[in-house]
Amino acid sequence: MTRVRVQGIVKRFGDTAAIDGISLDVRPGELFTLVGPSGCGKTTLLRIIAGLLEQEVGSVLFNEDRVDEVPPYLRNIGVVFQSYAIFPHLTVAGNIAYGLKARHLPADEIAAKVAEAGRLVQLDALLDRMPSQLSGGQQQRVVLARALVIEPQLLLMDEPLSNLDAKLRVQIRSLIRAVQRTLQITTIYVTHDQEEALAISDTIAVMDRGRVLQVGKPWELYLTPGSRFVADFIGTMNVFHGHLEAPEAAAGWHQMVTSFGQRWQVRATGASDGQLSVGVRPESLALERGANSDDAWNPLTGTVVEAAYLRAIVRYQVRVAEGLTVTADIHNPDFGAIRAVGDPVTLWFSANRAVLLPDRPGGA
C-alpha cells in the first residue's frame, strides 16, 4: 500500500494562488477526500499529484520516493475523471483492457484481468456490450474497472459521480467504497458534495481558496468544526452570535447572551473579549427538554415558518428573531402532534452540544 505526502505545494495561475502552501499526509490504504466549493483548488491539487500539472514550490512523495520529476505514465496511478472518456467503438471488455494492452501483456493474462475487474464492479455479464447500450451508472463502472485493472498503487477520483442522478450516486459511491476496502488501495477522492464526502471517507480535508482549513475523520469535522466555514460546509449548522456575561465562570461554563436577548449556558474556552459565535446542529434541537439533570438545557423560542416531512424526520424552520431562522430536525416525531406554520414553539438543546465557532481557523 502507498503512502502519499504532499509537502508545501504552491501552484499559481498568473497572480492567483490556486494552491497556497498545502501539506497533507495520506495514510496507506485509506480513502482520503478533498472537499470544498468550486474553485477552491481541489482538482488542481489532484492533477499535481497525478503529474498532469507542475507545482512551483513543494514536493509530492509516494512512500519515501519523490515523484515530482516522474511523468504521469510512470507513476502507476489509476485516474477516474468527471467525464467518462469511454471509447465508443470498443466493447466494455475492450475499454477495460485498454491500459493492459498499452502495457503489452499477453492476451490470456489480459482476458483474466478484465474478467476479474468486471466481476469486481458487477459488470461481468455485460463485457460484450457497447457503451451505447449502457446506463450512466454502468458506464461509470467501466471507467472504475479500467482504472483498477492496471493494479495501480494509487487511485485518484475527480468528481466521479457528478453526472449521475441522486439514486445512482448513492449506489455507485457504495460500490466505490466496497471495492476500495476490498483492494485496500490508497485513494484520493475529490468532491464538492459534503454528504458524499461524509459517507465514503476515512479522512476529509476541507479546502477553501487554495488552503486546507481542517483535516479529520468525518465525525470529527461534523461534531467539532474548527471554523464557521467548516461548520457551514460540512452539514447544516445553526449559528448564533452573542457575548459572554460571565467569562470568568468556573469549570468551563459561561453565561451567554445572544444577539436577540436569550440567555444560555455554553462552554466557550478561547472566546476573546467576551464576543463569540456558537453553532448547534439541527438534530441537536429538541421539542422537549432533556431528562438528564446533569446537562444544562438551553431554550430557543420562536414561530414555525415551515414544516417538512422527510421520512423519519420532520424538519422545522423556526423564526427566532427578525432575520434569523433556525433549522430543527426532529427524528421519529409524534406525527399526531406536528407543529403547524404559525405555531409558537420552544426548542431545547444541551449546552454540551453547542460548538464554539471562530470565524476563521485558529480563531483569528
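Bear in mind that the values in this text are calculations on the coordinates, not laboratory data. Just so we're clear, the structure is a prediction, and the values are computed from it rather than from any experiment. Cβ coordinates were reconstructed from backbone atoms using ideal geometry, including for glycine residues, and neighbour counts include every protein chain displayed.
Worth a mention:
- Residues Trp253, Trp264 in ascending order of nearby Cβ atoms (within 10 Å, fewest first): Trp253, Trp264.
- Answer label, with P(r) over Cα pairs in 20 Å bins from 0, in percent calculated from the coordinates and candidates (1) 30, 54, 13, 4, 0; (2) 28, 54, 18, 0; (3) 25, 46, 26, 4: (3)
- Counting only DSSP H runs of at least 4 residues, each contributing -39500 (n - 2.57), and dividing by the residue count of the chain, the helix-based mean residue ellipticity at 222 nm comes to -7000 deg cm²/dmol.
- Normalising the average separation of contacting C-alpha pairs (under 8 angstrom, six or more residues apart) by the number of residues puts the relative contact order of the chain at 16 percent.
- For segment 129-179, the mean projected area of the C-alpha convex hull, equal to one quarter of the hull surface, is 3.9 nm².
- Fewest-first sequence of Asp232, Asp158 by Cβ atoms within 10 Å of each Cβ: Asp232, Asp158
- Annotation: aspartates and glutamates with alpha-carbon distance below 20 angstrom to Lys101 (same-chain offsets under eight excluded): Glu109, Glu116, Asp124, Asp128, Glu151.
- Positive-end ranking of Gly261, Tyr73, Leu155 along the dipole of the chain, with charges on Cβ about the Cα centre, is headed by Tyr73.
- Residues of type lysines that Lys42 reaches as a straight line, Cα spacing below 16 Å, ignoring anything fewer than 8 places off in the same chain: Lys11
- Summarising the amide proton neighbourhood of Met256: residues at separation of 5 or more, or on other chains, whose placed amide H is nearer than 5 Å comprise Glu245, Trp264, Gln265, Val266.
- Once exposed loop GluC sites (Glu not before Pro) are cut out (DSSP; at most 16 other Cβ, 10 Å), longest piece of the chain: 70-244
- Potential lengthening between Glu69 and His241 on full extension [0.36 nm per residue; Cα-Cα distance subtracted]: 57.0 nm
- Compactness of segment 24-150 was expressed as the Cα radius of gyration divided by 2.2 N^0.38 Å, which yields 1.19.
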